[in-house]
Amino acid sequence: MTKIHVGGIGVFRKKFNTLEEASRAAKYGDDIILHKNVTVLGNCLITSGVCLEGNNHTITTTSGKLAILIKDAKRVEIRNIKFKVRKQSVALKILGSECSLENITMKYVKRYSPRELYPAIQVTIDEKMKSSVEIRRSTILTNLEMRKVEKIAIESCVIGDLLQNSMSIVECNNYKSQNTVYSNIYVKATTGSSIDDESNGNLLFADGTYTLKNLKAYLGLSDIKSRQLKYLKELMWDGTIRIEEVALVMFLNKGKFTVDNFSVELPHETLERLKELDDVGCVAVSINNSDVTLRNSILSEAPAIFHSGTITLENVQDNLKWKYNPSKVTIANKNSNSSLIKVNGPKSVEKGMSALQEIDSQIGQDAVKQKLREIVSMAQQEVYQKRLAERTGQSYNPTNVFSNHMIFSGSAGTGKTTFARLVGKALFEAGVLPENKFTEASPKDLVAGYVGQTRTKTHDLILKSLGGVLFIDEAYGLNEDGQNSSFNKEAIEQLIADMENYRDRLIVIMAGYTKEMRNFIENGNEGLRSRFNNWVEFKDYRDSELNEILWSMLEQQNAIYSDEVTIMLFQDGICNLSHHISGNGRFVRNLVQKIMEKKALRLSYRTDIGSLDAKKQYEVLNTIESTDVEAAIKDMREQYNLL
């Protein structure tokens with residue numbers, strides 16, 4: 001190991017006047033030590049194992065030139081250096097190498113045109129090896145371009161400046177950041193984590209799975225001068241990534257994000273200053289085509305956009321003013337307040353209400369609604385007790401947890417599957433289940449064709465369902481009597497064992513006709529009777545409820561009724577057919593389908609629909625005539641031999 005010196009007044013064994021000369025002399029394990037400020041005129045190649053120690057001196061680049069190249073190198077360290085970057089120059093290029101930067105300051109010599117701001121640090125791969133970069137205790141106020149990097153770790157840094165550089169790009173497989181302030185940076189990582197970071201404008205995450213914890217976002221532009229505002233617009237509209245809004249977290253884009261303890265502040269004064277610029281908006285948060293879980297956060301009032309995706313709000317006080325299309329977003333609420341969960345209208349029920357509100361909004365089945373609310377509330381109380389014990393240090397005995405498994409019994413078409421999905425979602429929102437997952441199965445999905453395979457098949461189904469609800473329809477098909485008794489017995493035994501082993505991660509709902517389910521549970525395995533303590537009985541719908549279901553389904557079809565005769569035909573048809581045809585809600589759905597088919601047949605003879613104006617076309621396409629209803633009822637009667 002040799003120390004190679006650049007400048008200085010002492011007598012050194014190896015001393016050079018320029019960094020270019022020192023880099024050519026350096027070998028593996030050597031240290032290059034600066035004793036003066038230098039301007040790099042050409043390409044300095046740093047090889048494997050070399051440490052470049054700056055002693056807080058300055059390296060200035062030359063316009064249009066690359067200053068330092070690290071190629072195919074293992075573990076190069078650069079520390080304690082101030083870089084001054086001139087226009088159209090690159091301070092550091094890392095190609096297929098491992099590099100550590102510590103206590104680095106990097107900024108442009110002066111304010112250049114955005115097109116003259118080259119990335120001061122460029123990192124990528126080559127044919128021989130991948131690159132990885134560590135940056136610690138550094139302030140980098142220039143553009144960065146890191147593409148196809150294996151690993152990037154950033155700690156205790158300031159990266160970017162909203163008013164000095166355009167968008168930087170960080171693209172890697174693994175991204176880790178901690179205690180760093182960011183501006184104008186686009187992160188695209190397969191997996192990424194951010195802990196105790198801060199955004200001062202335009203922190204973007206995309207195309208990966210991210211965990212963001214204790215992220216603070218603030219944008220303060222009230223004191224900047226008008227010429228700085230104009231330069232900000234130039235920076236925004238230049239470069240590889242063009243954005244049309246200033247945002248604290250501009251994009252959570254095409255990824256899966258878990259965000260814990262997020263805070264955002266966008267002062268009114270900043271919004272007012274940005275109004276001075278044409279075509280520049282400002283949003284605090286923008287979400288696009290992403291699955292976001294937001295926890296334990298208080299979000300101040302500010303504009304926000306939710307383009308598409310799913311968001312789960314858990315213990316969140318959300319005061320953001322969201323713009324969104326209810327048909328493109330899904331919201332799950334767990335003890336939170338947000339404008340996102342106040343969507344109104346029948347077509348946005350699933351996306352705007354809590355699961356318990358959705359249950360209450362269903363037609364009929366009042367006793368079912370009350371029973372499910374009891375089950376969910378009881379399970380939630382257990383969650384509260386457990387959390388309280390953890391907070392106070394008291395002991396918590398999970399063996400006292402009551403069974404949450406359920407039996408749904410009743411006729412076909414009474415809503416058992418619909419209510420099962422909703423109660424699963426309600427238990428997720430209550431914190432009882434870790435996921436809003438619903439797995440639907442029948443006995444054939446548990447039973448295999450050969451001895452010994454059934455246990456494995458049943459266990460695999462359980463593993464697939466963990467985290468949510470396993471719904472087994474026509475569960476009496478697992479009765480231990482009959483020709484499949486040995487296989488069914490294996491399935492039941494494995495099911496009972498897994499229900500016990502995964503009691504905190506799975507809820508099983510068995511469904512079927514009342515008589516058959518009673519016989520199955522009362523005469524079957526004792527373990528089933530003890531574990532399925534919640535029996536929920538679904539009654540057949542009354543005629544008035546079937547009519548409500550009918551109008552709800554027709555509303556979803558944007559139906560328009562031609563006259564009172566048509567409406568009377570609907571009501572009479574439901575009343576008469578329901579006395580002869582079983583199926584409840586399913587029967588109503590079949591009738592609506594036949595009405596739509598008859599309407600489509602009638603319209604097929606019209607040749608002028610394409611030439612109508614939009615208003616008239618909408619009316620023609622959605623109007624149901626009395627003849628459509630009469631023909632549909634006639635078909636139903638023929639189908640069920642009621643003529």
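What the table below lists for this structure:
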{"read-out": "Cα-based equivalent ellipsoid of the range 34-101: semi-axis lengths in Å, sorted from largest, via gyration tensor", "value": "19, 15, 9"}
{"read-out": "As computed over the range 510-595, the Cα convex hull volume per residue (Å³)", "value": "111 Å³"}
{"read-out": "Carbon plus sulfur fraction of accessible area for the chain, probe 1.4 Å, in percent", "value": "46 percent"}
{"read-out": "Farthest positive-ward along the range 397-518 dipole, Cα basis, beta-carbon charges - from Ile507, Asn479, Leu422", "value": "Leu422"}
{"read-out": "Cα radius of gyration and Dmax for the range 1-61 (Å)", "value": "10.5, 28"}
{"read-out": "Simple label model, 7 Å out from Cα along Cβ direction - Lys225 to Thr209, nm", "value": "5.0 nm"}
{"read-out": "For the range 478-510 and the range 62-84, distance of Cα centres in Å", "value": "64 Å"}
{"read-out": "Exposure of Phe487 as accessible area (Å², to 10), given a probe of 1.4 Å and all protein chains", "value": "40 Å²"}
{"read-out": "Cα-based reach from Lys386 at 20 Å (exclusive), listing aspartates and glutamates while leaving out same-chain residues under 8 positions away", "value": "Glu314, Glu374, Glu429, Glu435, Glu500, Asp504"}
{"read-out": "Hull shadow area, averaged, the chain [alpha-carbon convex hull, nm²]", "value": "40.9 nm²"}
{"read-out": "In order through the range 93-101: 3J(HN,Hα) via Karplus (6.51 cos²θ - 1.76 cosθ + 1.60), integer Hz, x for Gly, Pro", "value": "10, 10, 10, x, 9, 9, 9, 10, 10"}
{"read-out": "Solvent-accessible area per residue for the chain (1.4 angstrom probe, square angstrom)", "value": "48 Å²"}
{"read-out": "The range 34-191 - percent relative contact order, Cα under 8 Å, separation 6 or more", "value": "16 percent"}
{"read-out": "Cubic angstrom per residue, convex hull over Cα atoms of the range 86-144", "value": "69 Å³"}
{"read-out": "Assigned charges on the beta-carbon of Lys, Arg, Asp, Glu; the range 87-171 dipole about Cα centre (debye)", "value": "320 debye"}
{"read-out": "Equivalent-ellipsoid semi-axes of the range 430-507, from the Cα gyration tensor, Å, largest first", "value": "23, 12, 10"}
{"read-out": "Cα-Cα over 31 Å, subset of Lys87/Lys130; Lys151/Lys216; Lys539/Lys616; Lys15/Lys148; Lys148/Lys275", "value": "Lys539/Lys616; Lys15/Lys148; Lys148/Lys275"}
{"read-out": "Lys/Arg +1, Asp/Glu -1 at C-beta; the chain dipole; positive extreme among Ala614, Ser199, Trp322", "value": "Ser199"}
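The values are calculated or read from the model by the stated rules, or taken from the named source; none is laboratory data. What you are looking at is a predicted structure, and each value in this text was computed from that prediction instead of being measured. No Cβ is skipped: glycine too gets one built from the backbone with ideal geometry, and neighbour counts run over all protein chains shown. The protein model used for the area step is the full one, side chains on, heavy atoms only, and it has no ligands, DNA or RNA in it. Shrake-Rupley method; radii C 1.70, N 1.55, O 1.52, S 1.80 Å.
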